[in-house]
Amino acid sequence: MASGIPDLPGVDSTLAFFREGYRFVGNGCDRVGAPAFRTRLMLRPVTCMRGPEAVRAFYRPGRMTRRGAMPASVVALLQDRGSVQTLDGSAHRVRKALFMDMMGDDRLGEARRLLAEEWQTAADGWRGRTVALRDELPPVMTRVALRWSGIDPEGTDVAQRAEELSAMIEGAGGLGPSHLRARWLRARSERWARETILTARSGGGDSVIARIARHRDADGEALRDDVAGVELLNVLRPIVAVARFVVFAAHALHVHMAPAGPVGEDDAHRLGEEVRRVYPFFPVIGGRVLQPFDWRGTAFAKGDWLLLDLYGTNHDSAAWPAPGDFRPDRHRDPRADRLVPQGGGDYHLDHRCPGEWLTMALLTEAILALTSMGYRVPPQDLDISTRRFPPWPADGMRIAPA
Ligand code: HEM
């Protein structure tokens with residue numbers, strides 16, 4: 001590979017990656033004075049890149065595949081054999097349309113209505129107590145996710161589902177006991193999802209689960225039961241994951257905006273965008289080259305491994321003035337190639353997250369609910385580690401509703 005992209009000094013950067021966490025790629029780019037550098041991770045050669053120009057190079061329909069591009073620990077919990085993330089070309093486009101078609105305004109409005117309802121019920125039970133939002137929100141979001149998908153929460157064990165869906169996110173960034181527990185819970189969740197799909201196959205309607213059950217792939221075939229189950233989890237799990245952004249929003253309201261009173265729709269939306277930009281969630285996205293290309297004087301060959309820094313792009317001072325400052329107003333001028341907490345590029349033709357509008361709809365509604373609810377924030381450790389993938393505020397963001 002002829003290269004104009006500088007090498008990071010040292011033989012292998014695996015230890016630095018875990019030591020520096022979310023800041024690893026950004027630190028490396030600052031060190032070599034370029035938006036990309038070459039190194040090795042787990043002894044494997046990799047090009048790490050950040051910033052809008054890198055986003056445009058990485059996201060070109062057909063250029064990269066997600067197969068073989070992330071550690072097995074992440075694949076086992078957040079992707080799966082046959083799921084949309086593992087597909088390319090026309091097979092990917094047809095499967096992706098299944099998710100994109102779920103994101104009409106009516107369904108986004110429904111998601112907000114469900115969240116407002118479930119929040120109200122939960123908040124009634126919080127009154128007079130001190131609660132950690134980290135612990136309270138996953139079951140609330142699980143009920144929203146089930147109902148939005150057309151699954152009656154009364155017909156399943158919501159606490160179990162919340163535990164499984166949360167564990168997949170918690171366990172993805174590590175290899176220790178919590179990862180092994182998450183693998184076991186994932187297997188249980190897949191069995192439940194398969195059975196739920198089987199039941200949906202005998203019904204009709206236009207719910208999310210009915211659409212997954214009757215979806216036909218590019219080859220005209222219906223999804224196998226296990227693959228349909230995996231795609232159902234690909235909807236439920238990330239809706240529960242939105243709880244983390246809601247917790248971060250509560251953190252931001254306290255740390256950056258206090259005292260926060262009720263806010264309007266537009267302010268809540270921009271606050272949510274800034275939460276998605278600033279707070280750490282998905283650190284990087286990995287890809288392997290499918291179609292060879294040149295970038296910055298470097299020829300990338302089929303199979304080469306690239307890591308695009310999502311967190312670093314959201315904090316790149318070349319793209320965001322004063323990136324460390326929390327300023328919701330900067331989102332008056334939206335820029336999709338630099339705000340990439342959920343990936344970049346084209347939704348239909350590439351792997352950009354199809355749930356971005358749903359995430360924003362739920363987050364905006366949750367911010368409206370939070371800011372119209374009176375609560376105190378008791379003294380606590382508000383630190384958020386950037387070395388844990390992904391982190392929570394240390395004490396779980398405890399609040400004491402009035
Ligand atoms: C893909 C993040 C919410 C469904 C992705 C990707 C990221 C991401 C980083 C990978 C992009 C890539 O490979 O280039 C997030 C975050 C969320 C979130 C941080 C908020 C907590 C959602 C929601 C849904 C969803 C609410 C519900 C439908 C998916 C699916 C993919 C995906 C199906 C695979 C898309 C593909 O391979 O074409 N997400 N997401 N996500 N997300 Fe999300």
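The values are calculated or read from the model by the stated rules, or taken from the named source; none is laboratory data. All of these numbers come straight from a predicted model, not from anything done at the bench. As a convention, Cβ positions derive from the backbone with ideal geometry for all residues, glycine included, and neighbour counts pool all protein chains shown. Surface accessibility is based on the protein's heavy atoms, side chains included, excluding ligands, DNA and RNA. Shrake-Rupley method; radii C 1.70, N 1.55, O 1.52, S 1.80 Å.
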Test for Ala159: is it within 15 Å of Val240 (Cα to Cα) and either among the acidic types (Asp, Glu) or at pLDDT 95 or above (or both):
yes
In the stretch 74-129, the residues that are open to solvent by 40 Å² or more (accessible area, probe 1.4 Å) and of a type in the set (Ser, Thr, Tyr)
Ser90, Thr121
Within the stretch 18-47, which residues are of a type outside the set (Val, Ile, Thr) and under 20 Å from the mean Cα position of the chain (by Cα)?
Phe18, Gly21, Tyr22, Arg23, Phe24, Gly26
Determine whether the stretch 286-308 contains at least one residue that is open to solvent by 30 Å² or more (accessible area, probe 1.4 Å), in the same structural domain as Val74 (by the TED database), within 14 Å of the ligand (Cβ to nearest atom) and at pLDDT 95 or above.
yes
So which residues in the stretch 87-114 are near the ligand (Cβ under 10 Å from one of its atoms) and assigned to a helix (DSSP H, G or I), if there are any at all?
His92, Arg93, Arg95, Lys96, Leu98, Phe99, Met100, Ala111
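Here's the yes/no breakdown for (1) hydroxyl-bearing (Ser, Thr, Tyr); (2) open to solvent by less than 20 Å² (accessible area, probe 1.4 Å); (3) modelled with pLDDT of 95 or more; (4) within 16 Å of the ligand (Cβ to nearest atom):
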residue	(1), (2), (3), (4)
Gly312	no, yes, yes, yes
Ala318	no, no, no, no
Pro334	no, no, no, no
Val340	no, yes, yes, yes
Leu363	no, yes, yes, yes
Ala366	no, yes, yes, yes
Ile384	no, no, yes, yes
Which count do you get for residues in the stretch 228-283 that are open to solvent by less than 40 Å² (accessible area, probe 1.4 Å), under 12 Å from Ile367 (Cβ atoms) and of a type in the set (Val, Ile, Thr)?
4
Complete set of residues in the stretch 61-72 that are open to solvent by less than 40 Å² (accessible area, probe 1.4 Å) and touching a helix residue (DSSP H, G or I) at 6+ places or on another chain (Cβ under 6 Å)
Arg66
Matching option when the condition is small (Gly, Ala, Ser) and under 19 Å from Leu137 (Cβ atoms), among Gly297, Gly396
Gly396
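Could you please give the count of residues in the stretch 223-250 that are of a type outside the set (A, V, I, L, M), part of a helix (DSSP H, G or I) and more than 18 Å from the chain's Cα centre (by Cα)?
3
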All positions within the stretch 1-34 that are assigned to a helix (DSSP H, G or I) and of a type outside the set (A, V, I, L, M, F, W, C):
Thr14, Arg19, Glu20, Gly21, Tyr22, Arg23, Gly26, Asn27, Gly28, Asp30, Arg31
Subset of the stretch 36-60, residues modelled with pLDDT of 95 or more, part of a loop (DSSP other than H, G, I, E, B) and open to solvent by 70 Å² or more (accessible area, probe 1.4 Å), comes to Arg60
Give me a count of the residues in the stretch 178-236 that are basic (Lys, Arg), over 19 Å from Arg161 (Cβ atoms) and at pLDDT below 95.
1
